[in-house]
Amino acid sequence: MQKKLVRKLDLEMALSQTKPHLTPSPSLEQYTIPAETAATMLYIAAYSYQNIVGKRVLDLGCGTGRLALGAALLGAKEVVGVDIDKEAVKMAAVNAAKLGAENVQWVAADIDAITGRFDTVLQNPPFGVQKRGADQRFLERALQLGTMVYSLHKSTCCDPKVFEALKKRKDETIPVQPSPFLEAFIEAHGGRIGAVYAMAMTVPHMFTFHSKKKHEFLADLYIIYKAKQ
C-alpha cells in the first residue's frame, strides 16, 4: 500500500534514494533533477497552489522519474511519466517499485505521443544548451496538455547576491522576473505566468566535457496557468 508523504524532508529523502540514468546522453541534456530541487518544486505545486493532491499529473521528459514519483508520493490521483529514452523509463519503473509508488504509468515515447488532459504538468526540460529551442517545444506541449504547468528553465537572473543566498539554502526560492522572451512565448501559446522563482541547482560531473566536479547554477521555476479559451 502506497504511503502518502506529507513532510518535505521525507519527500526529499525518498527521492534521493532513486537511481540516476546509468548512461545519460549529453545531446538530450539528461541531468537528474536534484532531490532538494524536486522536493521544493513539488511542495510549491502541492501546498502553495493545491495542484498535486488528488490531481491528474503528467511529468514530461520524466527521465528516471523523480518529479512523477514525488507527485505520486504526495497524493496525486494519477500520474503519467513520459520520456523518449527507453532506458530512462526502465530505471523510472525500478525507482517506482523501490519507493512503492503504485499509481504511476510510464510511457517510453516522444512527448508528442501523449494525448488527453491533465490538471498539472511538471517538467525539467532540456534548457536548450545543446539544442536551441528544446525547452520551447516542451513548454508548447505542456500548455496543450495541462491546466497548470510547473517548468524549470535556465535563469535570466544575473544578481550574484541572489545566487549566493540560494546556494546557502538549496531548498529555498526567491521571486524573480520572467524572461521577456519566455513570457511572450508562453502568452503566444495560451499561457499566463503566475510567478517565477529562482532556485539553486547543483549537477555532478557527468560528461567528459565537464571540467568541474560539480556545477552550481540558478534555474527559474515558472508557474503557468492555461488561459481560458
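Annotations for the structure displayed:
- Of the numbered criteria (1) on the phi < 0 side of the Ramachandran plot; (2) modelled with pLDDT under 95, the one GLY128 fails is (1).
- The stretch 144-158: number of residues that are of a type in the set (S, T, N, Q), modelled with pLDDT of 95 or more and within 15 Å of the chain's Cα centre (by Cα): 1
- Residue within the stretch 65-80 that is part of a helix (DSSP H, G or I) and more than 17 Å from the chain's Cα centre (by Cα) present: no
- Unique match (being surrounded by 16 or more Cβ atoms within 10 Å (Cβ to Cβ), within 15 Å of THR18 (Cα to Cα), in contact (Cβ under 8 Å) with a residue 24 or more places away in the chain and touching a Leu at 6+ places or on another chain (Cβ under 7 Å)) among ALA68, ALA35, ALA92, ALA88: ALA35
- Annotation: of all residues in the stretch 15-32 being surrounded by fewer than 18 Cβ atoms within 10 Å (Cβ to Cβ) and modelled with pLDDT under 75, the one that is nearest to GLY65 (Cα to Cα) is LEU22.
- Residue match in the stretch 43-58 (condition: within 19 Å of MET201 (Cβ to Cβ) and surrounded by 24 or more Cβ atoms within 10 Å (Cβ to Cβ)): yes
- Pairs where the first residue, in the stretch 142-159, is part of a helix (DSSP H, G or I) and the second is surrounded by 18 or more Cβ atoms within 10 Å (Cβ to Cβ) and among the polar types (S, T, N, Q), C-beta under 7 Å, 6+ apart: ALA142/GLN123; ALA142/SER151
- Residue within the stretch 41-50 that is out of contact with any Gly (no Cβ under 6 Å at 6 or more places or on another chain), modelled with pLDDT of 95 or more and assigned to a loop (DSSP other than H, G, I, E, B) present: yes
The values are calculated or read from the model by the stated rules, or taken from the named source; none is laboratory data. What you see is a predicted model, and the numbers here were worked out from it, not measured in a lab. A quick note on method: Cβ atoms are made from the backbone with ideal geometry, for glycine too, and the neighbour counts reach across all protein chains shown.
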